[in-house]
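K.L.:
Got a structure for you, questions after.
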Amino acid sequence: MPRFSPQFLDELTARADLAQVVSRYTQLTSRGDRLWALCPFHGEKTASFTVNPEKQLYYCFGCGKGGGVVQFVMDIERLEFKEAVEFLAEMYNMELPQDENEKMVSVRKRILEANRLAARFYFDQLAAQNSREAVEYVRRRALTAATVRKFGIGYAPDTWDALTKFLKSKGFAEHELVEAGLAKKGERSVYDTFRNRLMFPIIDVKGNVIGFGGRVLSGESKGQKYLNTGNTPVFYKKSNLYAYQLAKKSGSGKMILAEGYMDVVSLHQAGFGYAVASLGTALTEEQARMLAKAADEIIIAYDTDAAGAAATERAVKVLSQVTDKTVRILRVPGGKDPDEFIRTNGAEAFARVLERSEEQMEFRLAALKAGADLKNDEERIAYIRRAAALLAELGSKIETEVYAGRVAEAAGVSRDAVITEVEAVRKKRLRAEQKKRHAEDIG
């Protein structure tokens, strides 16, 4: 990680005018020697957010947030200190102290520039209506021109090397395109990675295009349904979320975790601007931490087919390991995905479904119950034991008692019996953990 010297930070804060930065997010009005605005951190009708231009400090009398320009960027963009410094440095054209060797810095810059040009190329291909199939796909999905622009959606031509030729004309070498994941190396020459696909740029919190997702246009198209950029010096799939740079600014305190790009795009267009996708059905710990950092409530809205249900269960487990934030499960009626449901029933109907989303423990217990014949004594005992293992994860005594009561009612036993089983599981786990630590201390 870069280590920022006091001299560098002093120069950065001297250049970065707080009022100028704040005005990107809320309208400032001069009153005396201060500037006032509606607070960008919480909803209000009377301005309680103030900026002191002389001291370069801000404070909100409503929510209590305050600090300098770096703290403001950390709060508004939900960034760590290092990321906020990088954000401001880029805004004010300051070179960052580098902890990478010069060659890698140069490689990363070249890849980001190639990605930027590629995104523009794909967007122009769709805008020029160079594919009737792509245009028709966008029309069927009811995407507006504004939504297409907002997400930079484009089209990769159904040709061997259209993008490769374009980027080579801009001065890029073939090996650079391969390293960026934009081209693949064949026996005789390189060829485009993405062909005849609708293209979704993946953008980081600083606005850089770091990768792409490509979707086939019909069930008859060749290749896998979704194709993502592989790992590159600027993109690591497991550490990124699609549309995170937009969702984290929603201010809703929520995140909807969807399965595909189109689900996210449709959700944003319908007014649910806090949706992201996990770039694949298997949520990673890194992605879970990003969600927990940006929201107090996470709603999993994966597809309701068997694969989606399994992915939901995995996501719940990963989230429970990294955060105690509220996790809810959304089950879209009729087996539809969010995109299809919204197109069929509208945004208001989806909002009602969203309100009925289940707590993650309700979902997991329901899944256990659905897989057990509770009239059979052996299966009933197995159900109670599996349910107790789930309830043992809860940190709240009240939650434990409430859910233990539901398990008891379903299994036809007393709540005390279920709680006793839960406590036995907890004690067993504690002994195992103590034994493990003891072994590590000896080793």
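K.L.:
What do you reckon, is Val422 in a helix (DSSP H, G or I), in contact with a helix residue (DSSP H, G or I) (Cβ under 6 Å, 6 or more places away or on another chain), among the aliphatic types (A, V, I, L, M) and more than 16 Å from Ala366 (Cα to Cα)?
P.N.:
yes
K.L.:
Quick one: count up the residues across the stretch 169-210 that are assigned to a helix (DSSP H, G or I), within 31 Å of the chain's Cα centre (by Cα) and not aliphatic (A, V, I, L, M).
P.N.:
3
K.L.:
Among the residues of the stretch 50-107, count how many are in contact with a helix residue (DSSP H, G or I) (Cβ under 9 Å, 6 or more places away or on another chain), aromatic (Phe, Trp, Tyr) and outside any strand (DSSP E or B).
P.N.:
4
K.L.:
Could you say which residue among Lys45, Lys82 is without any contact (Cβ under 8 Å) to a residue 24 or more places away in the chain and either out of contact with any Leu (no Cβ under 6 Å at 6 or more places or on another chain) or more than 20 Å from Gly207 (Cα to Cα) (or both)?
P.N.:
Only one candidate passes the filter, namely Lys45.
K.L.:
From Asp337, Asp324, grab the single residue that is surrounded by 18 or more Cβ atoms within 10 Å (Cβ to Cβ), touching a residue at least 24 places away in the same chain (Cβ under 8 Å) and over 17 Å from the mean Cα position of the chain (by Cα).
P.N.:
The conditions single out Asp337.
K.L.:
Limited to the stretch 270-289, what total is found for residues that are part of a helix (DSSP H, G or I) and either surrounded by fewer than 23 Cβ atoms within 10 Å (Cβ to Cβ) or free of Cβ contacts under 8 Å to residues at least 24 places away in the same chain (or both)?
P.N.:
Residues flagged as part of a helix (DSSP H, G or I) and either surrounded by fewer than 23 Cβ atoms within 10 Å (Cβ to Cβ) or free of Cβ contacts under 8 Å to residues at least 24 places away in the same chain (or both) within the stretch 270-289 amount to 3.
K.L.:
Which residues, counting only those in the stretch 389-404, are among the hydrophobic types (A, V, I, L, M, F, W, C) and assigned to a loop (DSSP other than H, G, I, E, B)?
P.N.:
Residues satisfying the conditions are Ala392, Leu394.
K.L.:
How many residues does the stretch 121-167 contain that are outside any helix (DSSP H, G or I), surrounded by fewer than 17 Cβ atoms within 10 Å (Cβ to Cβ) and β-branched (Val, Ile, Thr)?
P.N.:
2
K.L.:
Any residue in the stretch 395-405 that is under 30 Å from Arg141 (Cα atoms), surrounded by 14 or more Cβ atoms within 10 Å (Cβ to Cβ) and without any contact (Cβ under 8 Å) to a residue 40 or more places away in the chain?
P.N.:
No - not one qualifying residue is present in the stretch 395-405.
K.L.:
Of all residues in the stretch 300-314, which are buried (at least 22 other Cβ atoms within 10 Å of the Cβ) and either within 13 Å of the chain's Cα centre (by Cα) or without any contact (Cβ under 8 Å) to a residue 40 or more places away in the chain (or both)?
P.N.:
Matches in the stretch 300-314: Ile300, Ala301.
K.L.:
Looking at (1) assigned to a loop (DSSP other than H, G, I, E, B); (2) farther than 28 Å from Phe212 by Cβ, can you tell me which one Val353 breaks?
P.N.:
(1)
K.L.:
Same structure again: Of the residues Arg331, Arg343, which is surrounded by 13 or more Cβ atoms within 10 Å (Cβ to Cβ), among the charged types (D, E, K, R), modelled with pLDDT under 90 and under 19 Å from Val264 (Cβ atoms)?
P.N.:
Just a single option satisfies the conditions, and that option is Arg331.
Each row is one residue, and each column tells you yes or no for (1) in contact (Cβ under 8 Å) with a residue 12 or more places away in the chain; (2) assigned by TED's automatic domain parsing to the domain that holds Gln269; (3) touching a helix residue (DSSP H, G or I) at 6+ places or on another chain (Cβ under 6 Å).
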| position | (1), (2), (3) |
| --- | --- |
| Asn130 | yes, no, no |
| Glu136 | no, no, no |
| Arg140 | no, no, no |
| Thr147 | yes, no, yes |
| Ile153 | yes, no, no |
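The values are calculated or read from the model by the stated rules, or taken from the named source; none is laboratory data. Predicted model, so just to flag it, every value in this text is computed and none were measured. No Cβ is skipped: glycine too gets one built from the backbone with ideal geometry, and neighbour counts run over all protein chains shown.
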